[in-house]
Amino acid sequence: MFKGLQLFAMDGTTLRTHDTADNRAHFCAQLYSSGAVASYPQVRGVTLTALPTHVVHSAAFGPYGTKEMLYAKQLIANVPNESLTVFDRGFLSAEILCGLTRSGLERHFIIPAKSNTRWEVIEGDGDDCIVRMYMSPQARAKCAGLPEF
């Protein structure tokens, strides 16, 4: 617990699975830039994990070609109320983060910023602060109901 909040992390992973025709057809495999295909079919997944115990709370997985963001969106509803979720910088998405905070009660997140991320500091200093970020027109068109900030 941190200040009364349960602690979770959401992160993606890739797993190899048995090399069968059915698995190759369903999960596919990584295609390298050289044109070679990975030796085993691969499963892409995202887990919501309780930080104190490292117990997986929820998971979403499927074909390797599906982006982790889509699996993460499936898990947002499983994040408990009164929680703080740590995200990998790859999940910096208005749709995911606003979805987390707008549903449920006292659902918070922390995420490292990308080098090209822009924000306005509302409280704190450059090392530790609360920020306000502008939602791009593209993000708002993709997900109706996103606020301007």
Please quote Rg/Rh for the chain to two decimal places, taking the Kirkwood radius as Rh and restricting both calculations to Cα atoms. 1.03
Between Val55 and Gln74, 0.36 nm times their residue separation minus their Cα-Cα distance comes to what? 5.0 nm
Which residues qualify? For Phe109, with a placed amide H closer than 5 Å and at least 5 residues away or on another chain, they are Thr85
Ignoring ligands, DNA and RNA, please state the percent of accessible area on region 29-149 from carbon and sulfur, probe 1.4 Å. 53
Per residue, in Å², the accessible surface of region 53-149 once ligands and nucleic acids are set aside, probe 1.4 Å: 66
Assuming 0.36 nm per residue, please report the length gained on full extension of the stretch Asp128 to Val37 beyond their Cα-Cα distance. 28.4 nm
For 117-128, 95-106, 40-51, ranked highest to lowest by mean beta-carbon neighbours within 10 Å, the order is 40-51, 95-106, 117-128
Given a cut-off of under 8 Å on Cα pairs at least six residues apart, what relative contact order in percent is computed for the chain? 18
Under the Karplus curve 6.51 cos²θ - 1.76 cosθ + 1.60, θ = phi - 60°, whole-Hz ³J(HN,Hα) for region 13-25, x wherever Gly or Pro sits: 7, 10, 10, 8, 10, 3, 8, 10, 4, 5, 5, 4, 5
Give the aspartates and glutamates whose C-alpha is closer than 13 Å to that of Lys114, dropping any in the same chain fewer than 8 places away, or say none. Asp88
Can you return the lysines within cross-link range of Lys73? Criterion is Cα-Cα under 18 Å, with same-chain partners fewer than 8 residues away left out. Lys142
Test of understanding: what is the full-extension gain from Asp22 to Val121, defined as 0.36 nm times their sequence separation minus their Cα-Cα distance? 30.6 nm
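The values are calculated or read from the model by the stated rules, or taken from the named source; none is laboratory data. Predicted model, so just to flag it, every value in this text is computed and none were measured. Cβ: placed from backbone, ideal geometry, glycine included. Neighbour counts: every protein chain shown. Surface areas here come from the heavy atoms of the whole protein model, side chains and all, with no ligands, DNA or RNA. Shrake-Rupley method; radii C 1.70, N 1.55, O 1.52, S 1.80 Å.
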